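Notes follow once the structure below has been shown.
The values are calculated or read from the model by the stated rules, or taken from the named source; none is laboratory data. Given the structure is predicted, the values throughout are model-derived calculations rather than measurements. Don't worry about glycine lacking a Cβ; one is built from the backbone with ideal geometry, like all the others, and counts go over all protein chains shown. Quick note on the areas: whole protein, heavy atoms, side chains included, nothing else; ligands and nucleic acids left out. Shrake-Rupley method; radii C 1.70, N 1.55, O 1.52, S 1.80 Å.
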Amino acid sequence: MSVPPFADLRERLKSRRAALAAAYLKKPAVSLYLTRHADLVDGVLTEICGRLGLPDSFCLVAVGGFGRGELFPGSDVDLLLLLPHEPSAEQQTTLENWVRACWDVGLEIGHSVRTINVCIAEAEADITVETNLLEARFLWGNRPLFMEFESAFQTHFDAQHFFDGKLAEQRARHTRFDDSAYKLEPNLKDSPGGLRDLHTIHWLAQACGITGGWNGLACAGLLTQSEARRIAHAERTLAALRIHLHLLAKRRDDRLAFDYQTELAERLGFAATAHKRAGERLMQDYYRAAKLIQRANDILIQSLRVRLFPVNAPPQPIDADFQLRANLLEACDPDLFERQPDALLRIFIVYAQHPELAGFEPTTLRALWRGSIHIDAAFRHNPAHCALFMTLLRQPAGITRALRAMHRYGLLARYIPAFGRIVGQMQHDLFHIYTVDEHILMVLRNVRRFTVPALAHEFPLASHLILSFDKPELLYLAALFHDIAKGRGGDHSELGMADARRFCRQHGLDKPDSELVAWLVGMHLVMSRTSQKEDTSDPEVIAAFAARVGDSRRLTALYLLTVADIRGTSPTVWNAWKGKLLEDLYHATQARLAGSNLAMDNIAAKQAEARIKLALYGLPNTAADALWQHLDARYFVRYDVRDIAWQARMLWRRTTSPQAVVQARLSPVGEGIQVLVYTPDHPDLFARICGFFARIQYTILEAKIHTTQHGYALDSFQVMDLANRGIHYHDFLSYVEHELARDLDPARPMQAAPRGRLSRHQRHHPYPATVRLEADAQGRGYMLSITCADRGGLLFAVAEILMRRDVSVYAAKIDTLGERVEDTFLIRGEALLTPANRQALENEVLGVLQ
């Protein structure tokens, strides 16, 4: 049996790569691994060229990342075969054999075969080619040809065109990742704050004639040696992660996927703590490195731009210390922050006051970064500095932009140390998609949006309320502190209250204002929980909530913060139904605080208004009587006038129908559909309805279950397509009415709903399932509360258990938060009378959730 001609090279490459990996895992040294791996491949390529007798008039050139003399475990080997002329037929065959040999040996090459003229033409047409050639490195063959290529490349290289092209390329790349470095599964190479951002700095520095890496930039006066070391450390952090990721995946994979985060954390020495998983600590380390890289990218690219495109425009004075130059904010004196540290805050007030500013002048930006070390305990406790920070929060516009800039350049974390501790802290709770610091700034932005008249259509009630709120800066402080204590253990709301109260007192707020901010931080979850988990049509629920709120000012502030907070968790968590629940709770509580009880006092008024609505459809004044005679007062308390009139109209002359009546309409809240089910009651009714919606992949948001005095179920469901599949609703409503009515026929066997699978996020960051069963405070039965990771068929599985145990559902609120559900059921039944039965029910429900 013949031995393949390159078997020895293949074995040498394989064994030495394994030895490099083993040595790295034993004693990680990033630069050593990357250069030795590149050297190994250099040698193998050189030997292949010699064995195949590649013409010595050819030149083999390393380009791209390989041209830098670095090679990650799974990276392609980027090569250019430089030819003095177009290859002959015989040379073409030799080239094909060379390519085949590279792959046979085990090298995954990305290659091109070009003459010098073709290289120059391709570089002028494609900036990716130009960038690869910028890092060309001679490997083998015709060195004079390589030198001729280098000379021609430099002659044709247009630095300004290259600079503009790379910036456009970076902007497009960042856009692909939503301009966020804080993805749950970031790309180590291409995400904002990734290695590619550092490469871009080096390429643009080369365009400006600066070489030598970070030390070269320091020698050019663009960095201090200390800053160069910090950036180099961040680069090593990401490079080490990428090496480990390639070795773990056994291929090129630059996405820091959930599947790898835990094992990578263990390999890199991150241990779990009492409050953080090892993977969460790894990711926080990554996010902080990415943030530093973003900051360096901002500052250095602007500095390099000024070198390549000098700005000759005369400055326009703003005040004694700041001026406008080429649409950028500039300190008049480069040493301003050293002489007057209070300017570290004043500059952001000026930035907020001038929306025409596109950013900061590079020299000023570098001075800001360096001057941030002056923000220490003494700086923070200086009353003048505290007054400046509050002045910033009281600006009529530009607050979000200014605080985001403070955060981006590291000053906000210095000024509020508690904020610094949550920078880059991920929240694996299945519904927050941002790190804690990004979420906080998102919430602050949302509160600010309520103040913009042009955006009043988004949240009319919130926009109306904030206009009359006397001190909106208190809302901004509450937004800054509402999640600031996450990750410390214990109740972050309570811990955050102490931080907020201390900060407010230090910044000169009087006691009532300080207590309002602290109270908002402590209560920031209560309004959403009440609206989404409790029966807000119940006067006792409203009374209890009103007692906790205390007064109208607090209610308004809490409503505004709650809406902003929910919207700031994830684009998918907020929906119109949640908005309606909060608005209804706000109005009911406001009425209660004003001394009225809208629910119980206005049943007669509701009925009278419903009759008027029915008359608009030509129905007689007595049209609703046949239905209403079988309904108790609680029905009229639970439903608003629109629903009462609609249900009466749909059931006119059908109140004793032996078949199920199903009616559907577009939900009045603006999203999803509302479904009315009216049928003789039977034990498996709720399970059948849940199964139907699970099979068509619609999520039930709320179920109101009412049993009439003559034994009929009158149930109302709010359902929504959370996948946003763009369904044609006219046809879909007819489908629901027909198919659900058929499924509710007791003579037909109940169809099971398929059980969905957990997502990768849920598998790798499991969320603990909890079940709680306790007596309802109003004596109406028992409250069953479940919290777990969401998946298809979950609600049907719970409903099936309740059906088997002969437990009926009186009301249900289904709260889907991203990939997490928090569902609450008001249930009744003989099976709930003994503690043993209740415990058995809890255990069985918990079993299907896990």
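Karplus-based coupling profile of region 120-133, in residue order and whole Hz: 5, 5, 5, 5, 5, 8, 9, 5, 5, 5, 4, 5, 4, 6, with θ = phi - 60° in 6.51 cos²θ - 1.76 cosθ + 1.60 and x standing for Gly or Pro.
The relative contact order of region 555-645 comes to 25 percent, based on Cα pairs under 8 Å that sit 6 or more residues apart.
Over 28 Å apart at the Cα level, from the set Lys471/Lys578; Lys14/Lys276; Lys486/Lys533; Lys183/Lys511; Lys166/Lys250, are Lys14/Lys276; Lys183/Lys511; Lys166/Lys250.
Shape analysis of region 58-211 places it in the oblate category; the axes a ≥ b ≥ c from the Cα gyration tensor give an a/c of at least 1.5, with a/b not above b/c. Ordered by solvent-accessible area of protein heavy atoms (1.4 Å probe), largest first, the residues His174, His156, His706 come out as His156, His174, His706. Simple point charges give the picture: +1 on the Cβ of Lys and Arg, -1 on the Cβ of Asp and Glu, and for region 249-385 a dipole about the Cα centre of about 640 debye. Once the Cα-Cα distance is subtracted from the 0.36 nm per residue extended length, the Ala836 to Arg171 segment shows a gain of 233.2 nm. This structure gives log10 I(q)/I(0) by the Debye sum over Cα atoms at q = 0.08, 0.09, 0.10 Å⁻¹, computed directly, and of (i) -0.97, -1.11, -1.23; (ii) -0.85, -0.93, -1.05; (iii) -0.88, -1.02, -1.14 that value is listed as (iii). Asp823 sits among other residues whose Cβ lies under 9 Å from its own Cβ, and their net charge, with Lys and Arg +1 and Asp and Glu -1, is 0. The slack between Asp625 and Glu96, meaning 0.36 nm per residue of separation minus the straight C-alpha distance, is 181.6 nm. Quotient of the Cα radius of gyration of region 133-248 and 2.2 N^0.38 Å, N being its number of residues: 1.24. Label-to-label distance for Leu846 and Ser734 is 4.9 nm, based on points extended 7 Å past Cα in the beta-carbon direction.
Charged side chains reduced to their Cβ positions (Lys and Arg at +1, Asp and Glu at -1) give region 600-744 a dipole of some 240 debye around its Cα centre.
Positive-end ranking of Val77, Gln674, Gly793 along the dipole of the chain, with charges on Cβ about the Cα centre, is headed by Gly793. Here the Karplus relation 6.51 cos²θ - 1.76 cosθ + 1.60, evaluated at θ = phi - 60°, turns the backbone of region 393-403 into coupling constants of 5, 9, 5, x, 7, x, 5, 4, 4, 5, 5 Hz, with x for every Gly and Pro.
Cβ-Cβ distance of Ser596 and Arg772, R₀ of 25 Å, FRET efficiency by 1/(1 + (r/R0)^6): the value works out to about 0.15. Taking amide H as placed 1.01 Å from N in the peptide plane, Gly424 has its amide H under 5 Å from the amide H of Val436, Asp437, Glu438, each at least 5 places away in sequence or on another chain.
Taking a ≥ b ≥ c as the square roots of the eigenvalues of the Cα gyration tensor of region 379-422, is the shape rounded (a/c under 1.5), prolate (a/b larger than b/c) or oblate? Because a/c hits 1.5 or more and a/b fails to exceed b/c, region 379-422 counts as oblate. Solvent-accessible area of His85, all protein chains in place: 90 Å² (probe radius 1.4 Å, heavy atoms, ligands and nucleic acids excluded). If I model a spin label as a point 7 Å beyond the Cα along the Cα-Cβ vector, how far apart are those points for Thr155 and Arg339 in nm? The modelled label-to-label distance comes out at 5.1 nm.
If you take all other residues with their beta carbon under 15 Å from the beta carbon of Tyr735, and give Lys and Arg +1 and Asp and Glu -1, the sum is -1. Most tightly packed first, judged by the mean number of other beta-carbon atoms within 10 Å of their residues, the peptides 670-683, 369-382 read 670-683, 369-382.
Computing FRET efficiency as 1/(1 + (r/R0)^6) for Arg529 and Asp76, where r is the C-beta to C-beta distance and R0 is 35 Å, gives about 0.10. Highest average first, the peptides 771-779, 212-220 ordered by how many other beta carbon atoms sit within 10 Å of their residues are 212-220, 771-779. Across region 499-510, coupling constants 3J(HN,Hα) worked out from phi with the 6.51/-1.76/1.60 Karplus curve, θ = phi - 60°, read 4, 5, 4, 5, 5, 5, 4, 4, 9, x, 6, 6 Hz, and Gly and Pro carry x. Under the simplified labelling scheme, the Gln395-Cys332 pair shows an inter-label distance of 2.0 nm, with each label point 7 Å from Cα along Cα→Cβ. Show the residues, 5+ positions off or on another chain, whose built amide H is closer than 5 Å to the amide H of Gly359. Amide H neighbours of Gly359: Leu329.
Pull out a ≥ b ≥ c, the square roots of the eigenvalues of the alpha-carbon gyration tensor of region 19-130, then state rounded if a/c is under 1.5, prolate if not and a/b is larger than b/c, and oblate in the remaining case. Oblate, since a/c reaches 1.5 and b/c is not below a/b. Close amide H pairs (under 5 Å, H built 1.01 Å from N) link Tyr712 with Asp681, residues at least 5 positions away or on another chain.
For Asp806 and Arg742, a Förster radius of 22 Å and the Cβ-Cβ distance give a FRET efficiency of 0.30, rounded to the nearest 0.05.
Charged neighbours of Pro472, selected by a Cβ distance under 13 Å, balance to +2 (K, R count +1; D, E count -1). Taking 0.36 nm per residue of separation and subtracting the current Cα-Cα distance, fully stretching the chain between Ser88 and Thr656 would add 195.3 nm.
For region 650-808, the dipole from Cβ point charges (+1 on Lys and Arg, -1 on Asp and Glu) about the Cα centre works out to 380 debye, to the nearest 20.
The helix-based estimate of mean residue ellipticity at 222 nm for the chain, built from -39,500 (n - 2.57) per DSSP H run of four or more residues and divided by its residue count, is -17000 deg cm²/dmol to the nearest 500.
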